[in-house]
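A.B. asks: Here's a structure for you.
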Amino acid sequence: PYTGPGAEEIMRKRREFLSPSMFCFYKKPVNVVHGKMQYLFDDNGRRYLDAFGGIATVNCGHCHPDVVRAIVDQTKSLQHSTILYLNHAIADFAEALASKLPGDLKVVFFTNSGTEANELAMMMARLYTGCHDIISLRNAYHGNAAGTMAATAQCNWKFNVVQSGVHHALNPDPYRGLFGADGEKYAHDIQDLIHFGTSGHVAAFISEAIQGVGGIVELAPGYLPAVYNSIREAGGLCIADEVQSGFARVGSHFWGFEAHGVIPDIVTMAKGIGNGIPLGAVVTTPEVAEVLTRRCYFNTFGGNPVCTAAGHAVLKVIEKENLQENAHIVGSYLKKRLSDLKSKHEIIGDVRGRGLMLGVELVTDRQLKTPAKVEILQVMDQMKEMGVLVGKGGFYGNVFRITPPLCFTKEDADFLVDVMDYAMTKL
Ligand code: PMP
């Protein structure tokens with residue numbers, strides 16, 4: 001049994017010694033002390049179904065024994081920086097990771113986070129093209145450093161940073177967007193931005209396949225192929241941010257962009273890559289990768305032996321346990337059950353997503369799509385009381401984000417939906 005400090009003591013220390021910017025989802029925060037696969041346990045030994053492990057994207061499940069073993073074994077033999085000496089862990093994982101990517105995408109740069117990966121990807125695109133302009137989508141989230149904060153396109157994540165050469169295009173959002181699910185219509189906006197906002201040449205276009213922080217918005221079909229064409233005609237590179245949608249989460253494919261039938265020039269990843277261990281990566285072609293030989297490029301812990309050993313173990317678990325197929329089967333089942341709830345609860349405006357990356361948008365008026373910002377907190381709190389943890393996001397904070405570990409079962413899906421159903425009935 002747990003004998004450490006309780007929630008109140010942790011909250012006191014947090015208030016006194018940690019940044020006031022830290023926030024908690026719940027009125028009464030959960031003190032999680034232990035995790036096992038799709039479950040979390042609090043200080044009283046109470047079990048919660050974790051339907052938001054996706055925030056750290058523990059795709060294999062919490063404390064998966066194979067991943068833990070890889071980390072422990074590597075820690076016992078060596079942990080170091082990645083420069084100066086050789087070590088097999090980084091090379092083995094790079095080779096395995098490259099085998100999961102299509103086309104000529106086979107050169108890997110490791111980082112410690114998604115932010116770093118996107119910063120590096122944008123810098124490489126700028127170096128490669130000699131252009132500065134980058135286009136990202138409204139409602140996107142790409143990180144919290146200067147360049148990525150500029151590419152992020154929601155005011156609540158932007159501080160007053162100097163934002164140069166970044167353009168935000170219309171979001172091809174099938175639910176709230178101007179053109180519904182007609183991807184090609186939104187793609188004209190990219191063409192306009194290139195014609196009227198740049199010199200006609202751009203460095204890159206960066207986007208998620210399914211916006212995570214933005215509230216599980218799956219880009220309208222037909223959008224990415226059209227945009228990739230326009231960007232390439234303008235000399236730019238296409239960057240796929242797979243930080244949330246990568247590593248089998250979308251079920252139908254290993255990477256989110258594959259569902260759109262495109263092949264990017266640069267792919268960035270983090271979260272799920274290490275099952276909770278800080279790790280990120282940029283994968284690109286040998287031709288683009290060459291730009292980083294022009295100066296010294298160095299990252300102390302990017303690709304260190306312990307994190308890359310974890311990453312390699314993750315790939316093996318995904319394969320061994322058929323997690324992609326499971327994400328597809330259980331995710332489709334869960335989406336169907338959530339969609340069925342729509343006929344019962346007027347508050348559900350939209351159910352969307354793919355695999356085990358699902359969103360439920362709550363509105364107080366289906367016609368006006370008025371965000372149900374208060375109601376969602378009530379439902380979320382009630383669900384927590386009944387032992388189910390879900391996430392929340394979207395610009396208005398009114399979308400449930402359901403991104404559980406990929407070992408989620410149909411029984412877990414049923415439990416989640418029944419609990420959500422009950423909590424909504426209680427509203
Ligand atoms: N890209 C996407 C799509 C993300 O969701 C996030 C994190 N929420 C990031 C980049 C940044 O990753 P990190 O927090 O690891 O820097």
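The values are calculated or read from the model by the stated rules, or taken from the named source; none is laboratory data. Just so it is clear, the model here is predicted, and its values are computed rather than measured. When we count neighbours, we look across all protein chains shown, and the Cβ atoms used for this are built from the backbone with ideal geometry, even at glycine.
A.B. asks: Would you point out which residue out of 259, 327 is farther than 28 Å from residue 82 by Cα, in a helix (DSSP H, G or I), hydrophobic (A, V, I, L, M, F, W, C) and within 16 Å of the ligand (Cβ to nearest atom)?
C.D. replies: 259
A.B. asks: List every residue pair whose Cβ atoms lie under 9 Å apart, where the two residues are 6 or more positions apart in sequence or sit on different chains, the first residue falls within the stretch 320-334 and is over 13 Å from residue 410 (Cα atoms) and touching a residue at least 40 places away in the same chain (Cβ under 8 Å), and the second residue, located anywhere, is in a helix (DSSP H, G or I) and not acidic (Asp, Glu).
C.D. replies: Close Cβ pairs (under 9 Å, with a partner that is in a helix (DSSP H, G or I) and not acidic (Asp, Glu)) amount to 323/317; 324/318.
A.B. asks: Turning to a different aspect of this structure: For the stretch 94-206, which fully contained strands (runs of 3 or more DSSP E) count at least 2 residues that are touching an Asp or Glu at 6+ places or on another chain (Cβ under 6 Å), outside the structural domain of residue 303 (by TED's automatic domain parsing) and charged (D, E, K, R)?
C.D. replies: Once the strands (runs of 3 or more DSSP E) in the stretch 94-206 are filtered for at least 2 residues that are touching an Asp or Glu at 6+ places or on another chain (Cβ under 6 Å), outside the structural domain of residue 303 (by TED's automatic domain parsing) and charged (D, E, K, R), nothing remains.
A.B. asks: Something else now. Name every residue in the stretch 369-427 that is among the small types (Gly, Ala, Ser), closer than 22 Å to residue 210 by Cβ and part of a helix (DSSP H, G or I), in order of residue number.
C.D. replies: 413
A.B. asks: Still on this structure, I have one more. Just one of the numbered conditions (1) surrounded by fewer than 24 Cβ atoms within 10 Å (Cβ to Cβ); (2) outside the structural domain of residue 117 (by TED's automatic domain parsing) is not true of residue 277; which one?
C.D. replies: Result: residue 277 fails condition (2) only.
A.B. asks: Sticking with this one: Taking the condition of being among the β-branched types (Val, Ile, Thr), over 15 Å from residue 140 (Cα atoms) and within 11 Å of the ligand (Cβ to nearest atom), how many residues in the stretch 238-256 meet it?
C.D. replies: 0
A.B. asks: Quick check, is residue 80 modelled with pLDDT of 95 or more, of a type outside the set (Lys, Arg) and in a loop (DSSP other than H, G, I, E, B)?
C.D. replies: The answer is no for residue 80.
A.B. asks: So, one more: Look at the stretch 340-379 and say how many of its residues are surrounded by 15 or more Cβ atoms within 10 Å (Cβ to Cβ), within 25 Å of residue 410 (Cα to Cα) and small (Gly, Ala, Ser).
C.D. replies: Here the count works out to 4.
A.B. asks: Can you tell me which residue within the stretch 121-169, out of those that are modelled with pLDDT under 95 and β-branched (Val, Ile, Thr), is farthest from residue 244 (Cα to Cα)?
C.D. replies: Step by step, filter the stretch 121-169, then rank; the result is 162.
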